[in-house]
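Only one structure is covered here, and it is reproduced in the block below.
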Amino acid sequence: MIVVLTLVYLAVLVLLIKLKVIPLNLWTKLSPLLFILLLVFVLFVPLSFYAPSGPGLVWRSTIAIVPNVVGEVTEVNVKTHQPLQAGDVMFQIDPRPYQAAVDGLQAQLALATQRVEQSEKLASRDAGSLYELEAFTAQSDGLQAQLDNALFNLEQTAVRAPSNGYLTNLVLRPGSRAPGTPAGVFVEDDAGAVIVLLHQIHSRYVEPGQAVELVFKVFPGEVFKGEVEYIFGDIALGQQLPSAQLIAPRQLFPMRFPVRIKLEDESLTKRLPTGAIGTAAVYSEKFEAIHVIRKVMLRMESILNFVNPI
């Protein structure tokens, strides 16, 4: 933008000199340099603080699909990117070993329950010991706990969608060994979020509720509106992980702060593909007169998105 304004100034300056409206002297020769300095310190420095911009990214929550039980995959019921509802069966692990475990425990539990009933009758007639009744009762309770666990494992052989969404990177086939083979990544069918990265020095005046404009590579020529939802208060640079070693000095550099944006059109967030790249500008309540420069720059970028892939 500085280059464009400077070229416009030079064109007007040359025209005025040729028309002899102003003379060609030392002042007019130095005026382009002074004009650039004026733009930088009077316009673009305040613009960076009161209408900062940065790269944006669309992200969504994902779930790594790892079965709770081990076995051979017998059926794969879904395809990549097939819409799923919570609870839909995505693939089936061979249930026969787990069904056999359930059947065995049910038989043992039935016998243990019968022994408890018999011991109760004998104890009530003083023909049996209380010790035997307690032993059979404990055995029955233990078998019931094992049966509950076996029923859970049997249920887990049908791997279901954890929520509404779709499975991507699906590599399972009938005959695959789970969980030895990665099952895929489940992408939740939520609205997702738009994250904008702002330089630390330019984020000092950014607050929740401020107006935002965004442009995306996938929608060239369009400008979308939103507002600041919140600023991430913690980033990985300041994280200290548990370690057996002492803190070691490392090179530090100011990482950008992520800012979460809420789009005005909620349906747009669902239409934006995960990983879509764009640019966003945040407009503070100060120096609103210079916001027009940022708006022009953002719209120029939106138009250039038709031809600029970077």
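Bear in mind these aren't lab numbers, they're just calculated from the coordinates by the rules spelled out. Predicted, not measured: the structure shown is a model, and the values here were computed from it. Because the Cβ atoms are built from the backbone with ideal geometry, glycine has one as well, and the counts that use them run over all protein chains shown.
What to note about this one:
- Test: Ile261 is in contact with a Phe, Trp or Tyr (Cβ under 9 Å, 6 or more places away or on another chain) and of a type in the set (A, V, I, L, M, F, W, C): no
- Wholly within region 139-233, strands (runs of 3 or more DSSP E) carrying at least 3 residues that are farther than 23 Å from Leu268 by Cβ: 158-160
- Tally of residues being charged (D, E, K, R), under 28 Å from Ile310 (Cα atoms) and outside any strand (DSSP E or B) across region 240-296: 8
- Only one of the numbered conditions (1) out of contact with any strand residue (DSSP E or B) (no Cβ under 9 Å at 6 or more places or on another chain); (2) surrounded by fewer than 16 Cβ atoms within 10 Å (Cβ to Cβ); (3) more than 26 Å from Ile65 (Cα to Cα) is not met by Val171, and that is (3).
- Per-region count, region 45-103, residues in a loop (DSSP other than H, G, I, E, B) and either touching a residue at least 60 places away in the same chain (Cβ under 8 Å) or crowded, with 18+ Cβ neighbours inside 10 Å (or both): 22
- Residue match in region 251-264 (condition: farther than 29 Å from Ile201 by Cβ, of a type outside the set (Lys, Arg) and surrounded by fewer than 13 Cβ atoms within 10 Å (Cβ to Cβ)): no
- Leu167 touching a Phe, Trp or Tyr at 6+ places or on another chain (Cβ under 6 Å) and over 30 Å from Lys286 (Cβ atoms): yes
- Enumeration of residues in region 265-300 that are crowded, with 18+ Cβ neighbours inside 10 Å and charged (D, E, K, R): Arg294
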